[in-house]
Amino acid sequence: MNFMDLIGSLGARFKDSKQKNLASLRRSEGATLLKKLKYLRFADPEIRGKVQPFLVTGEKYLELSALADSWDPLAQGALEECWETLKAFLTEVDESSQEKRFSLGDQNPFPLARERVLADLDRQLKILQTRTNEYTQGSGHDTLAAREELL
């Protein structure tokens, strides 16, 4: 092995290590987002019902991506979008209740907030489910091995 081959080998290992560290960091961020989502409370049963599938699918995504030692930017983005959408909705609900309490006009209108939030949550959940399912599209042997490793 000559010097250039050695340098190339070290560079490849460094790049692989860097990618694994990035994947671990992104999965950690995803886990933090899921933890935040678990603690949110919604009076609206339909909104509450949309959050539960995110939690289940998000946990599955994190488990499968950890097994693959990778991460998916679109799945991660769906988790982040869900968090941002719900945060904006809760802010609107809070502001609306304050405006009613103090007989103020709507200072920051958010027309059709509930419907828009529900539609966005549906879109983001579809992305998360699709990207999570891609982790399980391997052979039957791969899928079973991954499940056995989880146990």
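Throughout, read-outs are computed from the coordinates displayed, never taken from laboratory work. Computed from a predicted model, the values in this text were never measured in an experiment. Backbone-built Cβ (ideal geometry, glycine too); neighbour counts: all protein chains shown.
Tabulated results
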| read-out | value |
| --- | --- |
| For the stretch 27-150, the spread of Cα positions along each principal axis, largest first, Å | 63, 24, 21 |
| Ordering of 72-82, 48-58, 96-106 by packing [mean C-beta count within 10 Å, highest first] | 72-82, 48-58, 96-106 |
| Stretchable slack from residue 123 to residue 107, in nm (0.36 nm times residue separation minus alpha-carbon distance) | 2.9 nm |
| Residue 133-residue 44 pseudo-label distance in nm [points 7 Å out on the Cα-to-Cβ vector] | 2.6 |
| Distance histogram for the stretch 65-119 (every C-alpha pair counted, 5 angstrom bins, percent rounded to whole numbers) | 4, 16, 20, 17, 12, 9, 8, 5, 5, 3, 1 |
